[in-house]
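Presented below is the structure to which this report refers.
The values are calculated or read from the model by the stated rules, or taken from the named source; none is laboratory data. Every value quoted in this text rests on a predicted model; they were computed, and no experiment measured them. So basically every Cβ, Gly included, is an ideal-geometry build from the backbone, and we count neighbours across all protein chains shown.
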Amino acid sequence: MTTLISGGHVLSMDPAIGDLPRGDVLVEDGTIAAVAGHGTVDAPGAEVIDASGTIVVPGFVDGHRHVWQSLLRGVAADWSLSDYMLQARALYAGCYDEESAYLGNLLGGLESLSAGITTVVDHCHLQSGPRISDALARGLLDSGVGGVFCYALQNVPVYDGDVDPGEIEDVLTRMPDAWHDTNAARIRDTYFADDRARLRFGVALPEATPYLPGSLVRQLLARADALSPFLVTGHWVDSGPHGVLAELCAEGAWPDRICLSHGNHIEADDLARLAEAGVSLCTTPDIECGMGIGPLAARRFRAAGGAAAIGTDLSNYARADVLQQARLLLQVERSTLAQGSPRPPRSVGYGVRDALALATLDGAEALGLADTIGSLSVGKRADVVLVRPDPLGAQPYTDPAAAVLFTTSPAEIDTVLVAGEVVKRDGVVCRGDLGELQQRIADAAASVRARHHQLPRPEIEQVWAGLFS
């Protein structure tokens, strides 16, 4: 299959190619075969996508999200991090059945494509049983999005009949049950056997990992490594109480490819150690700002020599829009320049293209995918987005990068290709069953909320409060 994307303003994110005010991108068998000036690419018989009036960019990279929470739109809008851990992890997670798990991940994947996100790292910590795991994997695969499905080695409460608060406490505090290892291997072999496919297999560490003694952290890393993941991911907000982070760096004991999320309060020396050890970091600005988690770490980590990505994190908080995250990060970083000074700075210091790179090439590098995605470069997978700037709010523009970052929402994402396949065309995701699907999604979301409402929440909340008192 050959496709010619013709006559758009190409923002390649490849330093060797740069911007082409009027350029063509040739796609052959899912791979970028040429990027050149308009009319210079010979492609007889190709399907032609008229890109005139659009900005052609690489597919966006979302380095950290819990995709299953797409069914819980807006429920976390006023939550603190503690509220989230109680409500989403201890309550709502136990209310999902196979249908809601499948549809949550399917919806999250389709939402990604609509927003131009062609690669997402799904930190999937809803592994409450084998059938749920199957549903989650199938949902993300069926959406057509690329990325990494990271099976979380983490226990999830299951509410069948009477609820025993003591049992819930045990589930939430003990090391991941042994069945997870066998189940994760089965999911890998059943759905992600091809480690070069658009969607690959990864492992997510339990949320408590940074606060465990070193011996237990090493056990978890060994269990993850035994599953041969493409990527390991995990939450890591601070340096932790046991010095494990520094020890792992000194020992060279991190997995070959690992991306930690957040890092807001990791000490400067430890950020430098992580960068030197080849560990990458993903910042999620909406959540980290909105829940008061702490200062954003991506720029500091980049300054320390590390590879950084940007992510949307919670689908129950805000929509999956990586450009929104990049905008927020840019403005937060610029606002810090004025702190402690009565005068505005002479330079904003952090540029539009720096922020956009986190959502494209830098993000791909952080995930170990820079040889495959992140820029419009010959030989890379043809993950391509056509942005049609709003005629009143974005045109005429002078800098395509600024137009993409500051004026683009999912509504301006006109066309999306993943591995050369058109998955959104003329502003509409390419699925013929969207009407029926939306009703199924609404029914599944209502079912999850109903089960949540029936839980003995005061008893569970008391258990949770005891864990964090």
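So the values come out like this:
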quantity: Helices (runs of 4 or more DSSP H) (entirely within the range 282-345) containing at least 1 residues that are touching a His at 6+ places or on another chain (Cβ under 9 Å) and modelled with pLDDT of 95 or more; calculated: 285-290
quantity: Filter result (of a type outside the set (D, E, K, R) and over 18 Å from the mean Cα position of the chain (by Cα)) within the range 89-101; calculated: A90, L91, Y92, A93, G94, C95, Y96, S100
quantity: Index of the failed condition, L136 passing every other in (1) in a helix (DSSP H, G or I); (2) among the hydrophobic types (A, V, I, L, M, F, W, C); (3) in contact (Cβ under 8 Å) with a residue 60 or more places away in the chain; (4) more than 30 Å from V463 (Cβ to Cβ); calculated: (4)
quantity: Boolean, D83 is of a type in the set (D, E, K, R), farther than 27 Å from L199 by Cβ and not in a helix (DSSP H, G or I); calculated: no
quantity: Residue count, the range 346-385 (criterion: buried (at least 18 other Cβ atoms within 10 Å of the Cβ), part of a loop (DSSP other than H, G, I, E, B) and among the acidic types (D, E)); calculated: 1
quantity: Residue among E111, E99 that is crowded, with 19+ Cβ neighbours inside 10 Å, in the same structural domain as N316 (by TED's automatic domain parsing) and either closer than 25 Å to L437 by Cβ or of a type in the set (D, E) (or both); calculated: E111
quantity: Top-ranked residue in the range 144-156 [being buried (at least 23 other Cβ atoms within 10 Å of the Cβ) and not hydrophobic (A, V, I, L, M, F, W, C); ranked as farthest from G109 (Cα to Cα)]; calculated: Q154
quantity: Positions within the range 173-197 being surrounded by fewer than 15 Cβ atoms within 10 Å (Cβ to Cβ), within 23 Å of D371 (Cβ to Cβ) and touching a residue at least 24 places away in the same chain (Cβ under 8 Å), in sequence order; calculated: D195
quantity: Single condition Q339 does not satisfy, out of (1) buried (at least 20 other Cβ atoms within 10 Å of the Cβ); (2) out of contact with any strand residue (DSSP E or B) (no Cβ under 8 Å at 6 or more places or on another chain); (3) farther than 23 Å from C150 by Cα; calculated: (1)
